[in-house]
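To start, the structure itself, in structure tokens.
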Amino acid sequence: MRKSFDPTDALAGIVFIAFGLFFGLSSLLRLDIGTAFRMGPGYAPLVLASVLLLLGVLILLSALRTAPEPVTALAWRGMLFLLPAPILFGLTVRGLGFVPAIFLATLLAAFASPRMRPWQAVVLALAVTVFSTLVFSYALGLPFRRFGPWLPV
């Protein structure tokens with residue numbers, strides 16, 4: 001039986017483990033952890049660092065069992081549409097407001113897939129906008145403007 005090894009996944013696992021250890025030890029040494037019922041300021045960072053450490057171990061173990069994938073062409077379309085989407089959101093959220101900014105960013109990101117039809121992208125953008133508005137504005141009550149000063153709403 002021939003064993004396989006994926007060095008890129010192994011490196012990713014090692015990076016996750018290193019960050020998990022760094023932030024876990026940092027929160028243990030510098031912050032009060034508290035208990036599950038009375039959480040201190042270091043409790044959440046320690047839990048997140050533990051999750052990061054666990055993910056790193058799982059990725060590292062999977063790297064020892066899988067063969068590396070062959071290098072394929074660079075996904076230019078994905079980079080062209082996905083990378084500018086959060087930038088568009090950041091540039092328009094104050095002027096347009098949360099609802100139009102999340103709609104436009106999602107619409108732009110949807111076209112990263114070559115199989116996405118325009119009507120599907122609009123439906124996806126509407127669904128993400130409604131869900132995000134319900135969660136962040138109504139359920140969590142975050143104080144942001146749904147519609148900004150650039151719009152006559």
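Before moving on, here are some points about what is shown:
- Filtered residues of the range 49-79 (kept if at pLDDT 95 or above and over 20 Å from PRO7 (Cβ atoms)): ALA49, SER50, VAL51, LEU52, LEU53, LEU54
- Condition check for GLY78: of a type outside the set (Val, Ile, Thr), within 30 Å of GLY148 (Cα to Cα) and in contact (Cβ under 8 Å) with a residue 12 or more places away in the chain: yes
- Filter result (of a type in the set (Phe, Trp, Tyr) and at pLDDT 95 or above) within the range 112-146: TRP119, PHE131
- For the range 38-61, residues that are under 30 Å from ALA110 (Cα atoms) and among the small types (Gly, Ala, Ser) total 1.
- When PHE23 is tested against (1) touching a Phe, Trp or Tyr at 6+ places or on another chain (Cβ under 7 Å); (2) part of a helix (DSSP H, G or I); (3) closer than 30 Å to PRO7 by Cβ, just one condition goes unmet, and that condition is (1).
- Residue match in the range 54-65 (condition: free of Cβ contacts under 8 Å to residues at least 12 places away in the same chain, surrounded by fewer than 16 Cβ atoms within 10 Å (Cβ to Cβ) and on the phi < 0 side of the Ramachandran plot): no
- A single member of ARG94, ARG117, ARG146 is basic (Lys, Arg), touching a Ser or Thr at 6+ places or on another chain (Cβ under 8 Å) and more than 30 Å from PHE23 (Cβ to Cβ), and it is ARG146.
- Test: residue in the range 28-48 that is part of a helix (DSSP H, G or I), within 19 Å of the chain's Cα centre (by Cα) and in contact (Cβ under 8 Å) with a residue 40 or more places away in the chain: no
The values are calculated or read from the model by the stated rules, or taken from the named source; none is laboratory data. Please read these numbers as outputs of a predicted model, since none were measured by experiment. Heads up, the Cβs are rebuilt from the backbone with ideal geometry, glycines too, and the neighbour counts pull from every protein chain shown.
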